[in-house]
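These notes concern the structure reproduced below.
The values are calculated or read from the model by the stated rules, or taken from the named source; none is laboratory data. Just so it is clear, the structure is predicted and the values come from calculations on it, not from any experiment. Cβ coordinates were reconstructed from backbone atoms using ideal geometry, including for glycine residues, and neighbour counts include every protein chain displayed. Heavy atoms of the whole protein, side chains included, go into the accessibility calculation; ligands, DNA and RNA do not. Shrake-Rupley method; radii C 1.70, N 1.55, O 1.52, S 1.80 Å.
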Amino acid sequence: PDCVDTLVEVPADFPTIATALDAVPDGFTIQLLPGVYNEIVDLRERSLTIEGDPIDSSVVVLDGTGLSGSIVSLIDTGDANDVTLRGLTLRNGTIGTDLSGSSLTGGGAIFMQGGSPTIERCIFVSNASDRGGAVAVVAADSPRFNDCTFLENTGFDSGGAMFVDGVSNATIEGCGFEGNMTGGSGGALRLDGGT
């Protein structure tokens with residue numbers, strides 16, 4: 001039987017992450033080659049893997065400089081998505097995503113709502129927003145953060161590194177937090193609700 005290749009490389013096969021996302025179906029892995037990527041990654045309703053270098057996460061960088069929102073947006077309004085982000089550095093995300101019913105923003109690097117994403121071996125550095133300088137999790141199903149590092153992120157209102165709100169079964173395991181800060185509560189983590 002013919003084998004179907006479910007891996008594409010950026011920029012070898014597609015010039016940007018966005019063009020790869022537009023072209024590949026669910027179930028694929030988008031492999032990012034070493035370099036700096038400056039674009040918003042919208043993973044709405046997707047089930048796929050975006051992978052950098054799981055051995056050295058510093059060589060594949062998603063840089064938020066000048067972007068008008070969170071670097072990565074994981075919003076799922078239907079069935080739980082199955083997104084995995086692995087082996088990436090996410091830095092300089094300084095806007096975040098508007099939190100509904102509020103004038104505040106969340107997640108300079110990643111904003112997630114709904115779904116069950118897995119974030120593995122990622123480094124979050126120098127990101128900022130009102131809630132969750134690096135990551136804001138709002139009403140997600142079972143998000144997992146494994147072996148991630150959070151360095152010098154700022155949550156102006158709360159959650160220097162992460163703001164987790166209304167989440168059940170969230171798992172944060174093997175992660176390190178250093179130099180994160182907030183003007184409110186939770187220099188590293190602010191957890192509101194959930195298990």
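Quick notes
- Of the residues screened, SER129 is not one that is in contact (Cβ under 8 Å) with a residue 12 or more places away in the chain, out of contact with any Leu (no Cβ under 7 Å at 6 or more places or on another chain) and open to solvent by 30 Å² or more (accessible area, probe 1.4 Å).
- Residue that is least open to solvent (accessible area, probe 1.4 Å), among those in segment 12-36 that are closer than 25 Å to GLY115 by Cα and charged (D, E, K, R): ASP26
- Candidate set: segment 63-75, residues that are of a type in the set (Ser, Thr, Tyr) and open to solvent by 40 Å² or more (accessible area, probe 1.4 Å); chosen: the one nearest to GLY106 (Cα to Cα): SER68
- Of all residues making up segment 162-187, the number that are part of a loop (DSSP other than H, G, I, E, B) and in contact with a Ser or Thr (Cβ under 9 Å, 6 or more places away or on another chain): 9
- The listed residues are PHE150, PHE156, and the only one of them that is open to solvent by less than 10 Å² (accessible area, probe 1.4 Å), modelled with pLDDT of 95 or more and not in a loop (DSSP other than H, G, I, E, B) turns out to be PHE150.
- Taking the numbered list (1) open to solvent by less than 30 Å² (accessible area, probe 1.4 Å); (2) touching a Gly at 6+ places or on another chain (Cβ under 7 Å); (3) more than 25 Å from PHE163 (Cα to Cα) in turn, VAL60 passes all entries but (3).
- Annotation: ASP53 fulfils all but one of (1) more than 21 Å from ASN153 (Cα to Cα); (2) at pLDDT 95 or above; (3) within 13 Å of the chain's Cα centre (by Cα); (4) not in a strand (DSSP E or B); the unmet one is (3).
- Restricting segment 171-195 to residues that are over 15 Å from LEU151 (Cα atoms) and among the charged types (D, E, K, R) leaves a set whose member that is modelled with the lowest pLDDT is ASP192.
- Test for ARG121: is it charged (D, E, K, R), open to solvent by 10 Å² or more (accessible area, probe 1.4 Å), under 12 Å from the mean Cα position of the chain (by Cα) and modelled with pLDDT of 90 or more: yes
- Taken together, GLU51, GLU39, GLU9 contain a single residue that is open to solvent by 50 Å² or more (accessible area, probe 1.4 Å) and not β-branched (Val, Ile, Thr), which is GLU9.
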